[in-house]
Amino acid sequence: MSFQNPAMLVVAAIGAVALVLAYRWMHRRRTSVLVSAGLRPADKGLRRHIPPALFLVALILLLTGLARPQATVPVPRASGTVILAFDVSNSMAADDIAPSRLAAAQAAATGFVKEQPDTVDVGVVAFGQGAQTTQLPSNDTDGTIGAINRLTIAGGTSLGQAILASLSAITGESVSLPEEGQPLPDLGYWRSATIVLLSDGEDTGGPDAIAAAELAAAAGVHIETVGIGTLQGDTIEVDGYQIATALNEDLLTQVAEATGAAYHRAQDAQALDAVYESLDLRITVEDEFVELTGGVVAASVLLLTIGALLMITWFGRIL
């Protein structure tokens, strides 16, 4: 604890001593006057001194409040980095979630971004057969929403590329999987980073999604996967061909569990909104500088109130 006006502590100490001496002098003088008048002071024991003691402590706290006490306290809050990785492959045009899988994901993600505090940096990755970062992590709400709204559909799907591109956005370095038999690269430890992977789970190309998830786990990054679509699926037209597409939950579940996170199913727009509300984003504890003057004054008022009530209840008067 520290004080903005430490000199006032000296005033508070002098005031405390003065108040205690003044109370003792008044008590002895009152007793002396009663004895001189041939009266015997009523002996109420320790109870007589409790209300005045509360008043004295309250006044001392008020004087201490003038010193403007302050402290650094740990405050839990959502913070860190969130990467929204959107599947923009052809299958996301399916309308088993109205108006389409991608459009529903975009709408829900926009609401999610608007609700995030300034302590959370949100980035956007779009992935199909390849993946690219369309918005670097930042607390620029308008820029992030603009990047989400500009997403368009094309090509196949690579969950592995999505994870690697998301890790690149988090670390600020190009991330790739090592060759077979080689150790995982050291990306550092990013315990406050989360990837939210939004996809129907249909993986049509490498690299291996589970291996990429294990690399994320080694870096302390959670991957919350969100299944967009229905198990019954839908039929889409690509280059004149009718292609059936349905939600593949198995791979999305494996990816999430590999990083200690969870898979979430979103089979309609309302459920997708609920998914965003339940996402297990990282909560960190940050030191925050807080002035305690208000709390000291409130404690003083409480003690004064208690003292006054005790005086009225026990003695029928305040002084």
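Name the long-range amide H neighbours of ALA193: under 5 Å, sequence gap of 5 or more, or other chain; modelled H, no Pro or chain starts.
Correct list: THR81, HIS222.
Expressed in nm to one decimal, what extension gain is obtained for the pair ALA53 and ARG150 from 0.36 nm per residue of sequence separation less their Cα-Cα distance?
Using 0.36 nm per residue and subtracting the Cα-Cα distance, I get 28.1 nm.
With the Cα gyration tensor of segment 83-210 giving a ≥ b ≥ c as the square roots of its eigenvalues, does the rule (a/c under 1.5 for rounded; else a/b larger than b/c for prolate; else oblate) give rounded, prolate or oblate?
Since a/c reaches 1.5 but b/c is at least a/b, the shape of segment 83-210 is classed as oblate.
For segment 130-277, I need the span (max minus min coordinate) of the C-alpha atoms along each principal axis, in Å, sorted largest to smallest.
Principal-axis extents of segment 130-277 (Cα, largest first): 43, 40, 28 Å.
Starting from the 7 Å offset along Cα-to-Cβ, what nm value, one decimal, do you get for the label separation of ASP140 and GLN232?
That separation, rounded to one decimal, is 4.3 nm.
Show me, for segment 8-22, the HN-Hα J-couplings you get by feeding each phi into the Karplus relation (A = 6.51, B = -1.76, C = 1.60, θ = phi - 60°), rounded to Hz, glycine and proline as x.
5, 5, 5, 4, 5, 5, 4, x, 5, 5, 4, 5, 5, 5, 5
From the Cα gyration tensor of segment 82-152, with a ≥ b ≥ c the square roots of its eigenvalues, which class applies: rounded if a/c is under 1.5, or else prolate if a/b is larger than b/c, or else oblate?
oblate
Using only helices, what value at 222 nm comes out for the chain when you add -39,500 (n - 2.57) per DSSP H run of length 4 or more and divide by the total residues, to the nearest 500 deg cm²/dmol?
-14000 deg cm²/dmol
Using the Kirkwood radius built from alpha carbon pairs, what does the Stokes-Einstein equation give as D for the chain at 10 °C and 1.306 mPa s, in µm² per second?
Translational diffusion coefficient: 65 µm²/s.
So between LEU21 and GLU173, what do we pick up on full extension, going 0.36 nm a residue minus the alpha carbon distance?
Net length gain for the segment: 47.8 nm.
Among 89-97, 257-265, what's the highest-first ranking by average C-beta atoms within 10 angstrom per residue?
Put in order of decreasing packing, that is 89-97, 257-265.
Taking a label point 7 Å from the Cα of ALA269 along the Cα→Cβ vector, which residues of segment 146-166 have an amide N closer than 16 Å to it?
It comes to 149, nothing else.
At a 10 Å Cβ-Cβ cut-off, how would you order GLU224, GLU179, GLU173, fewest neighbours first?
GLU179, GLU173, GLU224
Only the coordinates and a few stated rules stand behind these numbers; no lab work does. All values reported here derive from a predicted model rather than from experimental measurement. FYI the Cβ positions are ideal-geometry reconstructions off the backbone, even for glycines, and counts take in every protein chain you see.
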